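The block underneath contains the structure these notes are about, expressed in structure tokens.
The values are calculated or read from the model by the stated rules, or taken from the named source; none is laboratory data. Everything numeric here is computed off the predicted structure, so don't read it as measured data. Cβ atoms come from the backbone with ideal geometry, glycine included; neighbour counts cover every protein chain shown. Surface accessibility is based on the protein's heavy atoms, side chains included, excluding ligands, DNA and RNA. Shrake-Rupley method; radii C 1.70, N 1.55, O 1.52, S 1.80 Å.
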Amino acid sequence: MRLLSVLITICCLTQSWALHSSEAGIVDWHKPLVGVPLYSTLSTAPAFHRISEADGRTHSVVLTATASNVLAALDPVDGTIAWRHIFEANEHVIAYKQHGNVVATVSGSGGATLRLLDATTGHLLVERCFHKLEAGRLFEPETLGTALAFDNEENGDTYVLSNAHILRRTNAKTGEVVWGWSAPDQASLVAYSRLIATSSTVYVVGLAKSFTSYTLHVSAVSAKTGEFITSIDVPSSITNGLTDFFVLASNKHPQVKPRVMWLEGGAIKSFPLTPELKETPMMIKGAEYQKIVDVGFSEHGQFVAIKEDGAGRVIRLGEDGVKVIWEFAESATSKQYTESIYSGGLDKDGWPYIARVYWSHISKKASAHILAAHLADGKGLVTGFTLPFQTSDHGVITHVAVDIANPEEFKVLARLFLTTSTGAVQLWQQNELQWSREEGLAEIKVAELVELPEKQVVTAHAGEDEPVGERLVRQLSDARDFPQYALNFARRFVTGSYASVSSSVAPSANASEPLARDEFGFRKVIIAVTARSKIYGIDSANGEVLWSRVFGLGWAAEVGGHIIPVKIFVTRTVNDGGAPEVVLVTQRKASNSLVDTVIFHVNPLTGEDVRDPTFPRDGLLQGLDVIAGPLVETYMLQLGPSNVVALLDEFVQVHLYPNTDEIRDAFVKALPSIYLPLRTGAPRHRQLTGHQISPKPEFTGKHVAQPTWTLSLPPSEDILAIIPRPREPIASLGKVLGNRTTLYKYLNPHLSAVVAGSSVSCSLYLIDSAKGTVLYHVVLPSTDGACDIKVVLAENWLVYQYYDGDMGGVDQAKSYRIVSVELYEGSGVDDKTRSSDLSSLSNKSTAITTFEETFVLPRAISTIVSTATTHGITMKDIIVASENHQIQSFPRRFLDPRRPKRKPTNEELEEWLIQYDPILPDDPKRVLSHTYQVVGTKHIVTSPALLESTSLVFAYGQDLFFTRVAPSNTFDVLSEDFNKAQLVLTIAGLALAIVIAKPMVRRKRLREKWYDQ
């Protein structure tokens, strides 16, 4: 008995197809991303940084903080990730600053933590926590009240301004605080946000709020001891406290006093900074200005001022004071150009350059002008070039970082690092694109896998009206390859060199054939839609982008706005005939606060608009406005052979897409079987209300959903998610037990899981959405005041995960729990109620038997999903994304709630049940991502392959990851080591023996007949 139990356990551990090291990178791929750069403030925006090596050579990296809470360095040569530092979700990166081979960064509310990183490798050198996250002051934006500066001496100590009033000097090697200074009585009155250090004094500059504007306040602190020297309120009136003031110094002229620059009433003013703070403000005369632009040269003495007409002037702090040194030609506001973007960059000798980049509506190209103020004997030199930037593919340019080379006196070469509105980052060397990264893919909101057509389907053939002569020529041309095909077939038949389930399905590098699926259906198109108004078609074979389209805004293009993806549906597959189609449901939020519901109908193979295939492929993808208002919910209904998208507006009116007479008739016939559970009620008074659609349209011509039942929730609970049981093939209606009895699965098509929660607790309900009956309910603890439950519902199986922070006894501990619940029909075994076909009004629809068991997970997870196969024969696995950046699978046998808590009996062993163990094994062989660090996974999508044994897995979030898994092993394919040649030789030998023996047997029988006579 014990031996049999051990053998069954071993079989369970090895039954699922595990990934071998030789298959890593072949059957799967991993695309690491850094995220979309944060460019709204200089403290987080992309910037080139030159690193000195031991042999005197230098190389550059592009540093940036991103919206994915990552600080990263990109190699400007090929765009690869040199390194990335990932911050905790509740500890946002606020600012970074580079100095030599060190990058300093502060993160957390109010600048809670300082970290020093190696600029080449990203390795953590120093980490110092100044205060707890909850003690940080909250500002809007979050970067306000925090600043970084480095000491000018060789030790390179770091000055950190945190919580808008505390200044510290930290040791560059140990991270120890050398000294600290806190504004004694200004914390509530003044918010410091700028910092500049000299060899003797550190100046902190902030704003004090007055009735209609802000007033500058400056404090001087000793750089050596941290002793407070003095402070002053500078007479000023600043309108925009975020952008209208900054500090300026000149490292080329260290004897020049640093200054505070600000914009006041159209004039630019400055205040020299001395330890005594006894200077008087000065004003730059000559023009009126609308804004000043800090181009990142606060230590290099240059900035850009924009005049009232939009023209850009460069102003420099030098030995002769603050003066205008250049005005960019034709930079004034014009309908022919977009607003200019100004950015600063350095060459290897540390000389500053300022770039102006803009888009021309006439030439349909971007232009760049580079000013070198120190060249041409100090008179200044401007060079320029145009970039064939494609706005239809990448949106508009939102930020530019510059790197400069000056190989000759009058020759300036520029590298531009562009960030676009769709999340793409590009590096241009002069007018040539070097590389591009689609970092917008780190913000995917919805995704779906679409099956590809067979190869012969996508091959072009002539129509029926093809002339006889042309058809004959075409057929003869096709027949040229038959001898080679026959030879290859014979070779494959003899050697067994057919396609393998462990081989790559990626196309060859020079492949130009149309998209087609492989023999096993492993290759599909991943349709991914991001929060940056862009849709992608990604090849699941290698992760390469096949096509991409930028969404048009329709009428909102005149006022601005953005597209919010809601759901994506595959409305037609290749099995339905013709090309597949997907429908994307979105909400368009215009800048004037109007919200509309827009549908995009796309061919997933090409990205073309299905509604208008003749529209130019290089234009914006325009949608169809279906609801003049917000969307409440949307579903895909299967009405006969057609899949239809149904949308509910704020008046619960039903809108159909497509909306034809045939579809409307089919919709009316299907109404008795359509039940819609919806959130209703105001916050803190939420209800779950079931609806059925009226058979007759209202006066508006639309069908309206009418409430049929209501489930009231506790006042503190809000509905967080409604998860319907997915429509998927089910191969078995029951489970045969070891004693030959049967448990029949509860397969109610109207089953839904509802997650509700408050700051105190969470609730999970299983309801019959046809009549609102609660079939299962459990109350769970919340985590840090939030309800964080991960739920998956498949067939009759419910699995959910939560964190239990209570310690109810000496034998209990805080842990992550996963609960497995199975629902069966009737009161027990052999009680069959046909739940899948039963009327929703029958009392038997709520007669169920529940099995439930709790297990302990080794670590937290961010998402959970079950595998999916073509016919539902294969046993399901649970796929999770864990907190240690891994994608891992757990077999259903481990999560079987009927696992006995004693030694299994013979009958239980026949069911492959193993003894209950509360702790799920953390088997590294079941880590699908093996050595990949799949960071920030938020969702996992599974899709069936043509092979029943195999499920495709696509994980997305910060990174992208794709693989395939066989929960019950690849039972429908011969193994890799199957000796087909031996089989062929055996069959051939038997055939030869038959040929030789047949005449011998015939002669023997003939002789026997003669003797018998």
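Return the residues of the stretch 815-839 that are assigned to a loop (DSSP other than H, G, I, E, B) and in contact with an Asp or Glu (Cβ under 7 Å, 6 or more places away or on another chain); say none if nothing qualifies. Scanning the stretch 815-839 gives D831, K832, T833, S835. When we screen S839, S929, S866 for residues that are without any contact (Cβ under 8 Å) to a residue 12 or more places away in the chain and either open to solvent by 60 Å² or more (accessible area, probe 1.4 Å) or touching a strand residue (DSSP E or B) at 6+ places or on another chain (Cβ under 7 Å) (or both), the only hit is S839.
Candidates are the residues of the stretch 872-891 that are open to solvent by 10 Å² or more (accessible area, probe 1.4 Å) and of a type in the set (D, E, K, R); the one that is nearest to L798 (Cα to Cα) is K876. Selection of the stretch 849-870 for residues being part of a loop (DSSP other than H, G, I, E, B), within 22 Å of the chain's Cα centre (by Cα) and among the hydroxyl-bearing types (S, T, Y) yields only T867.
When the criteria are applied in full, A997 meets the requirement of being without any contact (Cβ under 8 Å) to a residue 24 or more places away in the chain and either closer than 24 Å to G872 by Cβ or open to solvent by less than 50 Å² (accessible area, probe 1.4 Å) (or both). The residues in the stretch 649-683 that are among the charged types (D, E, K, R) and open to solvent by less than 50 Å² (accessible area, probe 1.4 Å) can be counted, and the count is 1. The single residue among R1002, R898 that is of a type in the set (D, E, K, R), free of Cβ contacts under 8 Å to residues at least 60 places away in the same chain and farther than 30 Å from E448 by Cα turns out to be R1002. Just to be sure before I move on: is S68 assigned to a loop (DSSP other than H, G, I, E, B), touching a residue at least 12 places away in the same chain (Cβ under 8 Å), buried (at least 17 other Cβ atoms within 10 Å of the Cβ) and in contact with a helix residue (DSSP H, G or I) (Cβ under 6 Å, 6 or more places away or on another chain) in the structure I sent? Yes: the conditions hold for S68. Taking each residue of the stretch 711-725 that is over 14 Å from I789 (Cα atoms) and looking for partners that are open to solvent by 30 Å² or more (accessible area, probe 1.4 Å) with beta-carbon atoms closer than 6 Å, six or more apart or interchain, yields S712/Q687; L713/R686; P715/R684. Within the stretch 413-442, the set of residues being open to solvent by 10 Å² or more (accessible area, probe 1.4 Å), more than 27 Å from K938 (Cα to Cα) and either aliphatic (A, V, I, L, M) or outside any strand (DSSP E or B) (or both) comprises L413, Q430, N431, L433. When I232 is tested against (1) among the aliphatic types (A, V, I, L, M); (2) out of contact with any Ser or Thr (no Cβ under 7 Å at 6 or more places or on another chain); (3) surrounded by 19 or more Cβ atoms within 10 Å (Cβ to Cβ), only condition (3) is not met.
Selection of the stretch 169-185 for residues being open to solvent by 40 Å² or more (accessible area, probe 1.4 Å) and over 24 Å from K209 (Cα atoms) yields N171, K173, T174, E176, V177, V178, G180.
Yes or no, residue by residue, for (1) farther than 17 Å from I879 by Cα; (2) in contact (Cβ under 8 Å) with a residue 24 or more places away in the chain; (3) not basic (K, R):
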| site | (1), (2), (3) |
| --- | --- |
| V779 | yes, no, yes |
| D784 | yes, no, yes |
| K790 | no, yes, no |
| E795 | no, yes, yes |
| G826 | yes, yes, yes |
| K832 | yes, yes, no |
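Could you tell me how many of the residues in the stretch 308-324 are open to solvent by 40 Å² or more (accessible area, probe 1.4 Å) and either farther than 12 Å from G286 by Cβ or touching a Leu at 6+ places or on another chain (Cβ under 6 Å) (or both)? Here the count works out to 5.
The residue that is farthest from I767 (Cα to Cα), among those in the stretch 675-705 that are within 31 Å of the chain's Cα centre (by Cα) and of a type outside the set (S, T, Y), is P683. For the stretch 678-705, the tally of residues that are free of Cβ contacts under 8 Å to residues at least 24 places away in the same chain, within 15 Å of L656 (Cβ to Cβ) and of a type in the set (A, V, I, L, M, F, W, C) stands at 0. Name the residues in the stretch 259-287 that are open to solvent by 30 Å² or more (accessible area, probe 1.4 Å), farther than 21 Å from S199 by Cβ, in a loop (DSSP other than H, G, I, E, B) and in contact with a Phe, Trp or Tyr (Cβ under 7 Å, 6 or more places away or on another chain), would you? Residue satisfying the conditions is P281 alone. Annotation: R686 fulfils all but one of (1) touching a Lys or Arg at 6+ places or on another chain (Cβ under 8 Å); (2) open to solvent by less than 40 Å² (accessible area, probe 1.4 Å); the unmet one is (2). Report yes if some residue within the stretch 101-114 is open to solvent by 20 Å² or more (accessible area, probe 1.4 Å), on the phi > 0 side of the Ramachandran plot and out of contact with any His (no Cβ under 9 Å at 6 or more places or on another chain); otherwise report no. Within the stretch 101-114, not a single residue is open to solvent by 20 Å² or more (accessible area, probe 1.4 Å), on the phi > 0 side of the Ramachandran plot and out of contact with any His (no Cβ under 9 Å at 6 or more places or on another chain).
Going by the structure shown, is P726 part of a loop (DSSP other than H, G, I, E, B) and either among the β-branched types (V, I, T) or within 19 Å of Q638 (Cβ to Cβ) (or both)? Yes. In this structure, Q692 does satisfy being open to solvent by 20 Å² or more (accessible area, probe 1.4 Å) and under 19 Å from P749 (Cα atoms). Take the conditions (1) open to solvent by 10 Å² or more (accessible area, probe 1.4 Å); (2) aliphatic (A, V, I, L, M); (3) under 17 Å from the mean Cα position of the chain (by Cα); V934 misses just one of them, which is (1).
For every residue, the table says whether it meets (1) assigned to a helix (DSSP H, G or I); (2) among the small types (G, A, S); (3) modelled with pLDDT of 90 or more.
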{"position": "D972", "(1), (2), (3)": "no, no, no"}
{"position": "V984", "(1), (2), (3)": "yes, no, no"}
{"position": "A988", "(1), (2), (3)": "yes, yes, no"}
{"position": "L1006", "(1), (2), (3)": "yes, no, no"}
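Would you mind telling me which numbered condition in (1) surrounded by 21 or more Cβ atoms within 10 Å (Cβ to Cβ); (2) touching a helix residue (DSSP H, G or I) at 6+ places or on another chain (Cβ under 7 Å); (3) of a type outside the set (S, T, N, Q) I789 fails? Only one criterion is unmet by I789, namely (2).
Filtering the stretch 347-359 for residues that are open to solvent by 10 Å² or more (accessible area, probe 1.4 Å), more than 21 Å from G301 (Cβ to Cβ), hydrophobic (A, V, I, L, M, F, W, C) and in contact (Cβ under 8 Å) with a residue 24 or more places away in the chain leaves a non-empty set. The set of residues in the stretch 559-607 that are among the charged types (D, E, K, R) and open to solvent by less than 50 Å² (accessible area, probe 1.4 Å) comprises E581, R588, D596.
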